[in-house]
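Notes to accompany the following structure.
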Amino acid sequence: MSTFTIREQLIEIVNKLFVYTDSREWQKIQEEIFGHKVLFDMSSLGAGEPAEKTSADICAMWDAGFKGIDAIHHQSGNFLVTATENTATVFCYAIASHYKAAATQGKTREFVGSYDINLSLTGYGWRITAFKYTVKYTSGNISLE
């Protein structure tokens with residue numbers, strides 16, 4: 001049995017999402033973080049309309065999108081958590097930095113924004129069922145060329 005409070009468990013899931021993404025541990029994200037299906041919304045970055053996607057589809061998309069990038073780093077904070085017995089929402093700010101050594105127009109790009117994340121309690125613990133990223137601004141060499 002976990003000694004973490006529900007709030008701590010929920011923030012831990014969100015932190016693991018970012019840490020596992022940074023280390024490209026796609027299998028762990030599928031097994032420990034996402035529900036099988038996720039309402040996925042990164043439309044603020046021009047990634048199409050919100051849609052239900054499988055965890056495998058999201059991880060494959062991220063894996064392809066991070067090809068050629070040498071380092072990824074997410075930093076999150078300002079967590080606002082609301083939870084009932086079986087559902088929860090987590091809002092947080094986050095900064096994502098990407099580094100590409102071979103880039104000639106600047107080696108980094110940065111995305112600053114917020115996440116709205118819905119979670120459900122399953123037989124395997126808390127899992128993300130909806131994920132929305134809202135970009136506030138970007139800086140650096142956005143194309144990393």
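Here, each number is a calculation from the coordinates, and none is a lab measurement. Quantities reported herein were computed from a predicted structural model and do not represent experimental measurements. Counting neighbours? That spans all protein chains shown, and the Cβs are built from the backbone with ideal geometry, glycine included.
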If you scan segment 1-31, which residues turn out to be out of contact with any His (no Cβ under 9 Å at 6 or more places or on another chain), free of Cβ contacts under 8 Å to residues at least 60 places away in the same chain and of a type outside the set (Ser, Thr, Tyr)?
Met1, Phe4, Glu8, Glu12, Lys16, Arg24, Glu25, Trp26, Gln27, Lys28, Ile29, Glu31
Those residues of segment 84-96 which are more than 13 Å from the chain's Cα centre (by Cα) and closer than 20 Å to Tyr133 by Cα amount to Thr87, Ala88, Thr89
Counted residues, segment 61-75 - those being touching a residue at least 12 places away in the same chain (Cβ under 8 Å) and not in a strand (DSSP E or B)
6
I'd like the residue in segment 114-145 that is of a type in the set (Gly, Ala, Ser) and on the phi > 0 side of the Ramachandran plot and, out of all such residues, is surrounded by the fewest Cβ atoms within 10 Å (Cβ to Cβ).
Gly125
Filter segment 29-57 for residues that are in contact with a helix residue (DSSP H, G or I) (Cβ under 7 Å, 6 or more places away or on another chain), surrounded by fewer than 16 Cβ atoms within 10 Å (Cβ to Cβ) and in a helix (DSSP H, G or I) and give the result.
Ala56
Is it the case that Ala64 is aliphatic (A, V, I, L, M), farther than 24 Å from Leu10 by Cβ and exposed (fewer than 11 other Cβ atoms within 10 Å of the Cβ)?
yes
